[in-house]
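The values are calculated or read from the model by the stated rules, or taken from the named source; none is laboratory data. The model shown is predicted, which means the values in this text are computed figures rather than measured ones. Every residue, glycine as well, gets a Cβ built from its backbone with ideal geometry; the counts of neighbours run over all protein chains shown. All accessible areas refer to the heavy atoms of the entire protein, side chains included, with ligands and DNA or RNA removed. Shrake-Rupley method; radii C 1.70, N 1.55, O 1.52, S 1.80 Å.
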Amino acid sequence: MTRALVTGAAGFVGSHLVDALLRSGHQVCGIDNLITGDLENLTEARKSAAFHFVQGDVAADPDALRTRIEREASAAEVIFHLASPASPIDYAALPIETMLANSRGTQFCLEAGKHWDARVLYASTSESYGDPLEHPQRETYWGNVNPVGPRSCYDESKRFGEAMVAAYVRLGGVDARTVRIFNTYGPRMRKNDGRVVPNFIAQATSGQPLTIYGNGAQTRSFCYVDDLVRGIILCAESDRTAGLVVNLGNPEEHPIGDFAAIVCDIVGVALRIESRELPPDDPTRRCPDISRARELLGWAPLVSLREGLQRTIDAYRTATVVPR
Ligand SMILES: NC(=O)c1ccc[n+]([C@@H]2O[C@H](COP(=O)([O-])OP(=O)(O)OC[C@H]3O[C@@H](n4cnc5c(N)ncnc54)[C@H](O)[C@@H]3O)[C@@H](O)[C@H]2O)c1
């Protein structure tokens, strides 16, 4: 049994990761300051004796937080750093908190990793590639990022976090790796978090037209959360990923317009669209090259877009509480 620490545990991805780790017999300590997450996401986890929740800020006092974790849970053997606002609406409202979660928060995890001799996995993002000029994006691509644009608090702080991981690896003493996560969707995304999947589902299920920015030709690739979580765990378990960056996402690209049509088809409503102007710095194409994950981890997404959307829509329909 492994003792795992998950930061951002009450968030969308973090809570699914906690559930998966508990299912496979790990002891899990989850940290979250609930800035964008919701304890509702941890309802199942909190019933388990193998789970301990610490409400705390990974960007605040690192020594106090580490001591508190040691006292209330125990030193971890593997640390998953997911704490950070992640949706454009959230990081636009919380730019400083976002930058601190990915700078000081990442350093907290790396220092804790050094102190406990624990493995560290840092959750970065496809936003590290900015508005990419290469398609699909391989890990070796350096990206095309506007350092002062409206998304820069997120993109640049994730890039800073990646640089911090690379520096600790270079200095030695920490077994760390970075995953660049591409658009992921599934149950527990907040309906109002501004990301395209919950937006479309909320609009389609309430009979509203679907909002499309620009002409709908921009593409996205969507990965179902269970596939992502499986990739994150494999990546943390693998010795072969030490010091590396690994893309995790679904390489199947869909123009946003086509995606809107699929959502409406599954929900069973006619497609109606409301067009809005494309926001600045919105990437026109984003698609992962997952050769590295395939080769090192034998990982590839398994859940089809229709299947994943069906599961997500079913979960939204049966949810009694809409988080926040
Ligand atoms: N969901 C995606 O499609 C996606 C894509 C790329 C990268 N990621 C990355 O995965 C991670 C999780 O994303 P998500 O979609 O679950 O977002 P989320 O907002 O649902 O979860 C983030 C969690 O981190 C917590 N948090 C934020 N700052 C914190 C701090 N300083 N201390 C403690 N907790 C803090 C929030 O309260 C929240 O529970 C993020 O790092 C994000 O950048 C997600």
ask   = With a Cα-only, solvent-free Debye model of the chain, what are the log10 I(q)/I(0) values at q = 0.07, 0.08 Å⁻¹?
value = -0.26, -0.34
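Summing +1 for each Lys or Arg and -1 for each Asp or Glu, what net charge is found among the other residues whose Cβ lies under 14 Å from the Cβ of residue 268?
Details: positive: 272, 306, 317; negative: 265, 314.
Net charge in that neighbourhood comes out at +1.
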inquiry  = Can you give me the accessible area per residue for the chain, using a 1.4 Å probe, in Å²?
reply    = 42 Å²
inquiry  = Compute the angle between helix 12-23 and the longest alpha-carbon principal axis of the chain, please, reported from 0 to 90 degrees and rounded to the nearest 10.
reply    = 60 degrees
message = Just want the answer: with Cβ charges of +1 for Lys and Arg and -1 for Asp and Glu, which residue in 148, 318, 262 is farthest toward the dipole's positive end in the chain?
response = 318
Formal net charge of residues neighbouring residue 56 (Cβ-Cβ distance under 11 Å; K, R +1; D, E -1) = -2
inquiry  = Let me check against my output: what whole-number percent is the relative contact order of the stretch 123-218, with C-alpha pairs under 8 Å and at least 6 apart?
reply    = 24 percent
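Which order do peptides 254-263, 218-227 fall in by mean Cβ count within 10 Å, highest first? Write out the running numbers ahead of the final one.
Working: 254-263: 17.9, 218-227: 21.2.
Sorting 254-263, 218-227 by mean packing, highest first, produces 218-227, 254-263.
How much of the accessible area of the chain, probe 1.4 Å, is carbon plus sulfur, in whole percent?
Numbers: 6970 of 13700 Å².
Exposed carbon and sulfur together represent 51 percent of the surface.
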inquiry  = Using the Karplus curve 6.51 cos²θ - 1.76 cosθ + 1.60 with θ = phi - 60°, what ³J(HN,Hα) values do you get for each residue of the stretch 95-100, in whole Hz, with x for Gly and Pro?
reply    = x, 6, 4, 5, 5, 6
Cα-based reach from residue 191 at 17 Å (exclusive), listing aspartates and glutamates while leaving out same-chain residues under 8 positions away = 38, 40, 90, 314
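With a ≥ b ≥ c the root eigenvalues of the C-alpha gyration tensor of the stretch 182-324, is it rounded (a/c under 1.5), prolate (a/b larger than b/c) or oblate?
Details: a/c = 2.24, a/b = 1.58, b/c = 1.42.
Prolate, since a/c reaches 1.5 and a/b exceeds b/c.
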ask   = Taking the DSSP beta bridges in the chain as the whole, what percent of them are antiparallel, to the nearest 5?
value = 10 percent
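Less than 14 Å Cβ to Cβ from residue 28, Lys/Arg counted +1 and Asp/Glu -1: what total charge do the surrounding residues give? Provide the component values of the computation, followed by the final result.
Details: positive: 3, 23, 46, 47; negative: 19, 32, 44, 72, 77.
Result for the local shell: -1.
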task = Let me see the pair-distance distribution of the stretch 144-261: every alpha carbon pair, 10 Å bin width, integer percents in order.
result = 12, 31, 35, 17, 5, 0
Antiparallel DSSP beta bridges within the stretch 167-297, percent to nearest 5 = 25 percent
